[in-house]
Amino acid sequence: MTTRRRFTLTQYLIEQRRRFPSASGDFNALLLDVALACKAIARSVAFGELGGVLGNPSNEVATTVNVQGEQQKKLDVISNEYFTQMTEWGGHLAGMASEEMDLPYQIPENIQRGKYLLVFDPLDGSSNIDVNVTVGSIFSILRAPQDVIDSGRDVVEADFFQPGTQQMAAGYALYGPTTMLVLSVGNGVAGFTLDPNLGQFMLTHPQLHVPEDTNEFAINASNSRFWEAPIKRYVDECLAGKTGPRGKDFNMRWIASMVAEAHRILMRGGVFMYPRDTKDASKPGRLRLLYEANPIGFIMEQAGGRASTGQKPMLSVQPTSLHQRIGLVFGSKNEVERIERYHAEPAKDVEIDNPLFAKRSLFRD
């Protein structure tokens, strides 16, 4: 019996590099450093309570809060350190930005600086850590502005203000029943599974593709009273099922770990919604543009899906701040485009011919 030969992540990156004969190899080396950080995080996550990494960063009553105003977990801090320590030394980066750090991270003066910027959410879904639900890391690679490359100066926030279309690579690691790395270098999307015996990410999903149609959607229904009318309309139509205007039944999912939601959608289709709402007028959305929306949007678009604010393509948004928040809708192309159409149509009171989903339904004011 013969076994099918699988490519390692290193071999895959070498194959991708051959499309650019003049490439120096720095880009591949940086991605391998990121993969190493993800392996280290996966190990910490796998040990859980046995590794003493659960809970808050200290035993004090007062908890640590990051720049986002969110409570930090021990693994948030540990994961952030893995990313910075394992990627700063290679000479490939001009600087980094993280969801867990107020300001850009400067490469130490005694280390060579490179031509790329790394942005990352070191541990997405960390509120699920203590209950052993799947979490992950999200990252994106940008090219540093030319004057940064030429001068070697410290990076500033504005250097990271690049629309998602300018991403050179994006990916996420998933720490679940198996550890996976999903990656796009602008030539489709590939999935790699960590072989615990070899310590290598092996190519297991060479051409991931998001189905254009779906009967699953993911949204936090507890926020329904704050949704804008187009989102209410879309969800009500899905819940109306076969008797409603969509003429088919839908299933609703919600894991509260976006990287897990993204992976499910990438594997079998669906649509994820964390839209802009009226819950907090000071926040135009819940998710971070640079660390979450752009990387996931890039992956979805590369896999044939779509990512949007609800009003326009996500990757076209011009960032204006390092920790900018935004509404996000992504997944199966036809469903995301439907939601965009609902936002574009003039506001109207849509009646659904079903008593449960009439004007005072479960998800209506």
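Which members of the stretch 314-362 meet the condition of being charged (D, E, K, R), touching an Asp or Glu at 6+ places or on another chain (Cβ under 8 Å) and modelled with pLDDT under 95? Explain how you work it out, then say what you get.
Kept after step one, since they are charged (D, E, K, R), are these residues of the stretch 314-362: 325, 333, 335, 337-338, 340-341, 345, 348-349, 351, 353, 359-360.
Still in the list and also touching an Asp or Glu at 6+ places or on another chain (Cβ under 8 Å): 333, 335, 359.
Hit for the stretch 314-362 is LYS359, nothing else.
For the stretch 178-190, name all the residues that are in contact (Cβ under 8 Å) with a residue 60 or more places away in the chain, farther than 15 Å from TYR116 by Cα and either part of a loop (DSSP other than H, G, I, E, B) or more than 13 Å from the chain's Cα centre (by Cα) (or both).
Restricting attention to the stretch 178-190, the residues satisfying the condition of being in contact (Cβ under 8 Å) with a residue 60 or more places away in the chain are 179-190.
Okay, now just the ones that are also farther than 15 Å from TYR116 by Cα, so 179-184, 186-190.
Across the stretch 178-190, the qualifying residues are THR179, MET180, GLY186, ASN187, GLY188, VAL189, ALA190.
Could you pull out the residue among SER137, SER98, SER79, SER127 that is surrounded by fewer than 17 Cβ atoms within 10 Å (Cβ to Cβ) and either modelled with pLDDT of 95 or more or closer than 21 Å to ARG286 by Cβ (or both)? Talk me through it step by step, then tell me what you get.
Numbers: SER137 fails: surrounded by fewer than 17 Cβ atoms within 10 Å (Cβ to Cβ); SER98 fails: surrounded by fewer than 17 Cβ atoms within 10 Å (Cβ to Cβ); SER79 fails: surrounded by fewer than 17 Cβ atoms within 10 Å (Cβ to Cβ).
Being surrounded by fewer than 17 Cβ atoms within 10 Å (Cβ to Cβ) and either modelled with pLDDT of 95 or more or closer than 21 Å to ARG286 by Cβ (or both) holds for just one of SER137, SER98, SER79, SER127, which is SER127.
Identify the single condition in (1) under 23 Å from GLU157 (Cβ atoms); (2) in a loop (DSSP other than H, G, I, E, B); (3) not acidic (Asp, Glu) that GLN311 does not satisfy, given that it satisfies every other one.
If we test GLN311 against (1) under 23 Å from GLU157 (Cβ atoms); (2) in a loop (DSSP other than H, G, I, E, B); (3) not acidic (Asp, Glu), just (1) comes out false.
It is to be established whether one or more residues within the stretch 259-274 are free of Cβ contacts under 8 Å to residues at least 40 places away in the same chain and touching a helix residue (DSSP H, G or I) at 6+ places or on another chain (Cβ under 9 Å).
Among the residues of the stretch 259-274, not one is free of Cβ contacts under 8 Å to residues at least 40 places away in the same chain and touching a helix residue (DSSP H, G or I) at 6+ places or on another chain (Cβ under 9 Å), which makes the answer no.
Regarding the stretch 158-173, can at least one residue be identified that is without any contact (Cβ under 8 Å) to a residue 40 or more places away in the chain and either small (Gly, Ala, Ser) or surrounded by 20 or more Cβ atoms within 10 Å (Cβ to Cβ) (or both)? Reasoning before the result, please.
If we filter the stretch 158-173 for residues that are without any contact (Cβ under 8 Å) to a residue 40 or more places away in the chain, which is where we start, we get 158, 166.
Filter again for either small (Gly, Ala, Ser) or surrounded by 20 or more Cβ atoms within 10 Å (Cβ to Cβ) (or both), leaving 158.
Yes, the stretch 158-173 contains at least one residue that is without any contact (Cβ under 8 Å) to a residue 40 or more places away in the chain and either small (Gly, Ala, Ser) or surrounded by 20 or more Cβ atoms within 10 Å (Cβ to Cβ) (or both).
Can you tell me which condition ASP280 does not meet? The list is (1) in a loop (DSSP other than H, G, I, E, B); (2) farther than 24 Å from LEU322 by Cβ, and all the others hold.
(2)
Which one is surrounded by the most Cβ atoms within 10 Å (Cβ to Cβ), of the residues in the stretch 18-54 that are modelled with pLDDT under 95, hydrophobic (A, V, I, L, M, F, W, C) and farther than 23 Å from LYS74 by Cβ?
Of everything passing the filter in the stretch 18-54, ALA23 is surrounded by the most Cβ atoms within 10 Å (Cβ to Cβ).
The values are calculated or read from the model by the stated rules, or taken from the named source; none is laboratory data. Because the structure is a prediction, the values reported are computed rather than measured. Note: ideal-geometry Cβ built from the backbone for every residue, glycine included; neighbour counts use all protein chains shown.
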